[in-house]
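One structure is given here, and the rest of the page talks about it.
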Amino acid sequence: MSKHTGPAAGPRMNSTDAWVTYLSKVELPVLASTLRRVGELTDNSNSTVNELADVILNDAQLTSQVLRLSNTVFYNQTRMQVSTVSRAITLIGFDSVKSMAISSLIVDSLLQRNDRTQLLRCLALAIHAAVQARCLLPKRNEQALEEVFIGALLMNIGELAFWSCDTEQAVELEQALRLDQPPVEAQKAVLHTTFTDITRGLVEAWSLGPFIKDIVSAGKANSKGASLVRHCVEMARLSERGWRESGMDKALEALAEDIGENPATVRDQVKINAAEAARVAVSLGIPQAGALMPGNRDDQATSVQQAPEVDPVLQLQILRDLTHTLAEQPDINEVCQLVIEGIHRAVGMQRVALLMIDRSGIELIPRRLGGKGTDAWKDNFAIRRDGSGALGVLLPEAGGYIYQPQQTGEPVKFDRWLGRVPALVAPIRAKGRLIGLFYADNAPADYVPSRDQLTAFAHFVQNAQLCLTLMSGH
């Protein structure tokens with residue numbers, strides 16, 4: 001489904017049941033049915049393993065996401081390269097691959113619909129809490145690890161689902177929260193229900209299972225695992241405002257009790273886990289979520305978000321692949337695809353485009369795109385080579401640079417962020433003439449790319465430039 005461009009003037013929901021029906025039947029039926037199907041699979045026979053592989057393989061995007069996650073240290077301690085879904089299930093385990101599939105489905109289904117800040121914040125919080133629960137759980141069997149991970153990820157599914165939809169009520173709630181109205185009161189006033197009640201309704205309607213039902217229920221948690229998940233979500237929410245946030249000591253004491261540790265040890269561990277959560281967010285394809293997590297920042301640090309760190313190991317791996325491609329028969333399409341993947345995954349930029357000169361020689365238009373939220377770029381993103389027009393400001397004067405917007409004018413019609421957020425830009429030249437450029441941004445995330453990101457970005461662009469130079473020499 002393509003992303004909405006503006007709020008829909010559709011029906012107004014005025015009860016929990018109305019919201020649950022609307023989200024399940026109108027907005028997210030495919031996600032609901034796929035989650036239900038994956039959730040029903042339990043590893044009790046070869047046929048179930050094959051069914052899980054089939055669900056994943058039926059979706060090319062899901063397949064590539066699961067394979068990407070299968071090669072991260074978070075899931076794959078063996079460091080053995082995994083290149084097929086069947087191998088992932090064998091090597092890493094059924095429950096881990098099922099967990100990867102659910103995580104990827106949630107992230108992809110919601111983010112391709114919307115990129116509003118509230119959705120990114122909710123996803124960052126969900127991933128942070130999920131990683132904390134998985135890392136803190138003392139009982140180390142695979143099924144329990146994945147159960148708490150998915151439990152934390154889905155504990156606020158009502159809020160996630162709501163913010164993924166462009167409705168008039170979403171715009172109204174956004175405005176109410178901007179005016180610092182208390183969240184639950186604002187929800188009741190605008191939605192006639194609360195996110196908590198919508199979540200409970202969706203857990204039931206989507207058959208998300210007894211463990212998640214226990215987590216979101218009103219009473220006391222029935223298991224240590226459910227209690228741990230609740231406390232991880234609460235701690236992740238508090239940590240959005242820093243590790244010294246009021247209430248953090250109490251949250252850490254609750255976690256310490258859940259896992260039989262002392263609070264000081266837990267405090268040290270959750271800071272390490274938060275940095276891991278930022279890496280998992282990048283692996284799931286939302287690098288900008290890392291900037292919304294506390295990481296190991298000092299609590300009194302400025303509220304300006306920090307750019308995600310460059311992944312040097314992944315950078316080296318992709319650069320090696322590029323060198324190998326260039327050493328054989330240079331193929332511009334393959335090289336550009338690798339460069340875009342490198343900028344997206346290793347440099348940590350959400351949206352990436354390679355623009356090349358069109359037949360008229362007047363405009364640079366998309367040749368390759370990568371990342372969520374770039375669908376509308378295909379037919380609309382164009383930069384005039386003379387620097388005129390709304391996006392002429394993006395043209396690089398010399399080499400690669402960090403673009404920082406100066407103007408606050410109207411956004412271009414097809415994308416609310418282009419030209420209005422910081423970005424990385426680098427030219428591609430042939431015989432000294434500008435023939436293309438690489439552009440990368442992080443959409444609504446409120447930070448400027450770092451010098452390290454610019455350096456890594458430049459390395460990847462140099463490889464594309466080298467490929468063009470080699471080909472023009474043939």
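The values are calculated or read from the model by the stated rules, or taken from the named source; none is laboratory data. Just so you know, these numbers come straight off a predicted model, no measurement behind them. Glycine also receives a Cβ, built like all others from the backbone with ideal geometry; neighbour counts cover every protein chain displayed.
As an exercise: evaluate Glu174 against (1) in contact with a Lys or Arg (Cβ under 7 Å, 6 or more places away or on another chain); (2) over 27 Å from Gly39 (Cβ atoms) and give the number of the one condition it does not meet.
(1)
Being acidic (Asp, Glu) and in contact with a Cys (Cβ under 8 Å, 6 or more places away or on another chain) is the filter here; which residues of segment 9-66 pass it?
First pass over segment 9-66, keeping only residues acidic (Asp, Glu): 17, 27, 40, 43, 51, 54, 59.
Selection gives Glu27 alone.
What are the pairs with Cβ atoms under 6 angstrom where one residue, in segment 237-255, is at negative phi and free of Cβ contacts under 8 Å to residues at least 24 places away in the same chain and the other, located anywhere, is of a type in the set (Lys, Arg) and surrounded by 14 or more Cβ atoms within 10 Å (Cβ to Cβ)? Sequence gap at least six, or different chains.
Listed by first residue and then by second, the contacts come to Leu252/Arg267.
Among the candidates Leu69, Leu31, which residue alone is within 29 Å of Lys413 (Cα to Cα) and either touching a Ser or Thr at 6+ places or on another chain (Cβ under 6 Å) or surrounded by fewer than 20 Cβ atoms within 10 Å (Cβ to Cβ) (or both)? Spell out the reasoning first.
Values: Leu69 fails: within 29 Å of Lys413 (Cα to Cα).
Of the residues listed, the single one that is within 29 Å of Lys413 (Cα to Cα) and either touching a Ser or Thr at 6+ places or on another chain (Cβ under 6 Å) or surrounded by fewer than 20 Cβ atoms within 10 Å (Cβ to Cβ) (or both) is Leu31.
For Ala307, are the conditions met, namely being within 29 Å of Leu238 (Cβ to Cβ), over 14 Å from the mean Cα position of the chain (by Cα), modelled with pLDDT under 80 and crowded, with 22+ Cβ neighbours inside 10 Å? Show your work before the answer.
Details: within 29 Å of Leu238 (Cβ to Cβ): yes; over 14 Å from the mean Cα position of the chain (by Cα): yes; modelled with pLDDT under 80: yes; crowded, with 22+ Cβ neighbours inside 10 Å: yes.
So Ala307 passes the test.
Please go through segment 345-367 and give me each residue that is surrounded by fewer than 20 Cβ atoms within 10 Å (Cβ to Cβ) and touching a residue at least 40 places away in the same chain (Cβ under 8 Å), ordered by number.
Matches in segment 345-367: Met356, Ile357, Arg367.
How many of the residues in segment 69-122 are among the polar types (S, T, N, Q) and touching a Cys at 6+ places or on another chain (Cβ under 9 Å)?
In the first step, residues of segment 69-122 are kept if they are among the polar types (S, T, N, Q); the result is 70-72, 76-78, 81, 83-84, 86, 90, 96, 99, 103-104, 109, 112, 114, 117-118.
Now narrow it down to the ones that are touching a Cys at 6+ places or on another chain (Cβ under 9 Å): 114.
Of the residues in segment 69-122, 1 are among the polar types (S, T, N, Q) and touching a Cys at 6+ places or on another chain (Cβ under 9 Å).
Restricting to segment 189-238, and then to whatever is of a type in the set (Ser, Thr, Tyr) and assigned to a helix (DSSP H, G or I), can you tell me which residue is farthest from Glu174 (Cα to Cα)? First the steps, then the outcome.
Step one: list which residues in segment 189-238 are of a type in the set (Ser, Thr, Tyr), which gives 193-194, 196, 199, 207, 217, 223, 227.
Of the ones still in play, those that are also assigned to a helix (DSSP H, G or I) are 196, 199, 227.
Details: Thr196: 17, Thr199: 19, Ser227: 30 Å.
By that ranking, first place goes to Ser227.
Among Ala189, Ala274, Ala256, which is farther than 21 Å from Ile127 by Cα and of a type in the set (Gly, Ala, Ser)? Step through it out loud before you land on a result.
Numbers: Ala274 fails: farther than 21 Å from Ile127 by Cα; Ala256 fails: farther than 21 Å from Ile127 by Cα.
Going through Ala189, Ala274, Ala256 in turn, the sole match is Ala189.
Could you figure out which of (1) touching a residue at least 60 places away in the same chain (Cβ under 8 Å); (2) over 30 Å from Thr84 (Cβ atoms) isn't true of Ile150?
(2)
Which one of these is over 20 Å from Pro287 (Cα atoms), under 24 Å from the mean Cα position of the chain (by Cα) and surrounded by 19 or more Cβ atoms within 10 Å (Cβ to Cβ): Phe414, Phe381? First the steps, then the outcome.
Values: Phe414 fails: surrounded by 19 or more Cβ atoms within 10 Å (Cβ to Cβ).
Going through Phe414, Phe381 in turn, the sole match is Phe381.
Check off (1) touching a Phe, Trp or Tyr at 6+ places or on another chain (Cβ under 7 Å); (2) of a type outside the set (A, V, I, L, M); (3) within 18 Å of Ala277 (Cα to Cα) for Gln118 and give me the number that stays unchecked.
(3)
Residue-by-condition table, conditions (1) farther than 21 Å from Asp115 by Cβ; (2) buried (at least 21 other Cβ atoms within 10 Å of the Cβ); (3) β-branched (Val, Ile, Thr):
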| residue | (1), (2), (3) |
| --- | --- |
| His128 | no, yes, no |
| Val131 | yes, yes, yes |
| Glu142 | yes, no, no |
| Ile150 | yes, yes, yes |
| Ser164 | no, yes, no |
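Filter segment 10-20 down to the residues that are part of a loop (DSSP other than H, G, I, E, B) and hydroxyl-bearing (Ser, Thr, Tyr) and list them by number.
In the first step, residues of segment 10-20 are kept if they are part of a loop (DSSP other than H, G, I, E, B); the result is 10-15.
Hit for segment 10-20 is Ser15, nothing else.
Does Leu120 satisfy the criteria of being free of Cβ contacts under 8 Å to residues at least 60 places away in the same chain, hydrophobic (A, V, I, L, M, F, W, C) and in a helix (DSSP H, G or I)?
Values: free of Cβ contacts under 8 Å to residues at least 60 places away in the same chain: no; hydrophobic (A, V, I, L, M, F, W, C): yes; in a helix (DSSP H, G or I): yes.
No: the conditions fail for Leu120.
Only one residue in Gly400, Gly436, Gly419, Gly370 is touching an Asp or Glu at 6+ places or on another chain (Cβ under 7 Å), surrounded by 14 or more Cβ atoms within 10 Å (Cβ to Cβ) and not aliphatic (A, V, I, L, M), so which one is that? First the steps, then the outcome.
Values: Gly400 fails: touching an Asp or Glu at 6+ places or on another chain (Cβ under 7 Å); Gly436 fails: touching an Asp or Glu at 6+ places or on another chain (Cβ under 7 Å); Gly419 fails: touching an Asp or Glu at 6+ places or on another chain (Cβ under 7 Å).
The unique qualifying residue is Gly370.
Restricted to segment 94-110, and to residues that are of a type in the set (Ser, Thr, Tyr) and more than 13 Å from the chain's Cα centre (by Cα), which residue is farthest from Trp163 (Cα to Cα)?
Initial filter on segment 94-110 (of a type in the set (Ser, Thr, Tyr)): 96, 99, 103-104, 109.
Okay, now just the ones that are also more than 13 Å from the chain's Cα centre (by Cα), so 96, 99.
Numbers: Ser96: 27, Ser99: 23 Å.
So, considering only residues that are of a type in the set (Ser, Thr, Tyr) and more than 13 Å from the chain's Cα centre (by Cα), the one farthest from Trp163 (Cα to Cα) is Ser96.
Sort out which residues of segment 357-401 are in contact with a His (Cβ under 8 Å, 6 or more places away or on another chain) and either assigned to a loop (DSSP other than H, G, I, E, B) or farther than 15 Å from Ala440 by Cα (or both), and write them in order of number. So that I can check it myself, show each step before the final result.
First pass over segment 357-401, keeping only residues in contact with a His (Cβ under 8 Å, 6 or more places away or on another chain): 370-371.
Of everything in segment 357-401, just one residue is in contact with a His (Cβ under 8 Å, 6 or more places away or on another chain) and either assigned to a loop (DSSP other than H, G, I, E, B) or farther than 15 Å from Ala440 by Cα (or both), namely Gly371.
Among the residues that make up segment 89-105, is at least one of them in the same structural domain as Ala189 (by TED's automatic domain parsing), modelled with pLDDT under 90 and exposed (fewer than 14 other Cβ atoms within 10 Å of the Cβ)?
Within segment 89-105, one or more residues are in the same structural domain as Ala189 (by TED's automatic domain parsing), modelled with pLDDT under 90 and exposed (fewer than 14 other Cβ atoms within 10 Å of the Cβ).
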